[in-house]
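The values are calculated or read from the model by the stated rules, or taken from the named source; none is laboratory data. On a predicted model such as this, the values are computed, not experimentally measured, just so you know. Virtual Cβ from ideal backbone geometry, glycine too; neighbours counted across all protein chains shown. Quick note on the areas: whole protein, heavy atoms, side chains included, nothing else; ligands and nucleic acids left out. Shrake-Rupley method; radii C 1.70, N 1.55, O 1.52, S 1.80 Å.
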Amino acid sequence: MAQAEVRLEDSWKAVLGGEFALPYMRDLKAFLQREKEAGKHIFPKGAEYFRALDLTPLDKVRVVILGQDPYHGAGQAHGLCFSVRPGVRIPPSLVNIYKEMQSDLGIAPARHGFLEHWARQGVLLLNSVLTVEEARAASHQRQGWEQFTDAVIRAVNEDCEHVVFMLWGSYAQKKAAFVDRSRHLVLKAPHPSPLSAHNGFFGCRHFSQANDYLLSQGRSLIDWQLPDEA
C-alpha cells in the first residue's frame, strides 16, 4: 500500500503517510487482497476504509470516540464507529448512546443511526480495526489495522490540543491509555452495549462533560443533535 496510491485527507496523509511504506501495512494490503480474491465480502467498501479520517481532518479534531471493529452485517458499516447507513436499523449500542444523550442533554433519540453530522464537526469516530468479513465479527483483528489506528491516536495526542477522548469499555481504555491527560480530557465509562451499559455507561454524562471542557478551553461546542433526516 504505497503512499502515492492512498486516498487520504491531506492533514492525515502528512502525519500518517509513512505508515503505508512499513511492512505491516504491506502485509495488511496483501491480506485484504487475498480475502477479496477468495470471494469474501469485506465491509466497509474500500473507498470508506478511511472515511472517519476524511470527514474529520486532524486539525479539526475536538472529540475522539473509539470503537473496536466495523459492523459485520450487510449494508451497515460505512467507516465510522457506532454509525450505520441511513435506512439501516439502529444497533443496540447506538440506541443506548442515544438514551444517554437524552438523559444528559435532553436530546430526543434520532430516528436513524447515521453519525456523519458529528464527524463533520470534529468528532473522530474511529474503529481500532477498519475492516471486517461479513458475518464474522472481529475477523480482521491482528492483521495490522491496530498498529495503524494507534498511529492515528498518537497523532491526535501529539499534534492537537484540548481534545476530549471518550473511552467506552476496557478495550478503548487500554488502546488510548497513553493519551496525555495534561493536554486532553479523558472520559471513561463502560461500553454502551446492552451487556454493560447499566454498569455505568448510563449516567456517565460524557456529552455534557465534553462540551463543558471544550467551552472552558475556548473551543466551539459539538452539536450532538442529529438532523431528522440522515
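Please indicate, with yes or no, whether at least one residue in the stretch 148-161 is more than 18 Å from Leu94 (Cα to Cα) and touching a Ser or Thr at 6+ places or on another chain (Cβ under 7 Å). The answer is yes; a qualifying residue exists. Say whether the condition of being basic (Lys, Arg), modelled with pLDDT under 95 and either open to solvent by 30 Å² or more (accessible area, probe 1.4 Å) or under 18 Å from Asp150 (Cβ atoms) (or both) is met by at least one residue in the stretch 21-41. Checking the stretch 21-41: not a single residue is basic (Lys, Arg), modelled with pLDDT under 95 and either open to solvent by 30 Å² or more (accessible area, probe 1.4 Å) or under 18 Å from Asp150 (Cβ atoms) (or both). If you scan the stretch 3-16, which residues turn out to be modelled with pLDDT under 95 and of a type outside the set (D, E, K, R)? Result: Gln3, Ala4, Val6, Leu8. Here Leu215 fits the description: of a type in the set (A, V, I, L, M, F, W, C) and loosely packed, with under 13 Cβ neighbours inside 10 Å. Assess whether Ala47 counts as being surrounded by fewer than 18 Cβ atoms within 10 Å (Cβ to Cβ) and in contact with a strand residue (DSSP E or B) (Cβ under 8 Å, 6 or more places away or on another chain). Against the criterion (surrounded by fewer than 18 Cβ atoms within 10 Å (Cβ to Cβ) and in contact with a strand residue (DSSP E or B) (Cβ under 8 Å, 6 or more places away or on another chain)), Ala47 does not qualify.
Within the stretch 91-99, none of the residues are over 20 Å from His198 (Cα atoms) and either open to solvent by less than 40 Å² (accessible area, probe 1.4 Å) or in contact with a helix residue (DSSP H, G or I) (Cβ under 8 Å, 6 or more places away or on another chain) (or both). Looking at Ser216, Ser182, Ser208, just one residue is touching an Asp or Glu at 6+ places or on another chain (Cβ under 7 Å) and modelled with pLDDT of 95 or more, and that residue is Ser208. Within the stretch 123-150, residues that are under 16 Å from Phe178 (Cβ atoms) and of a type outside the set (Phe, Trp, Tyr) sit with their Cβ atoms under 7 Å from residues that are assigned to a loop (DSSP other than H, G, I, E, B) and open to solvent by 20 Å² or more (accessible area, probe 1.4 Å), at 6+ positions apart or across chains, in these pairs: Ser128/Gln68; Ser128/Asp69.
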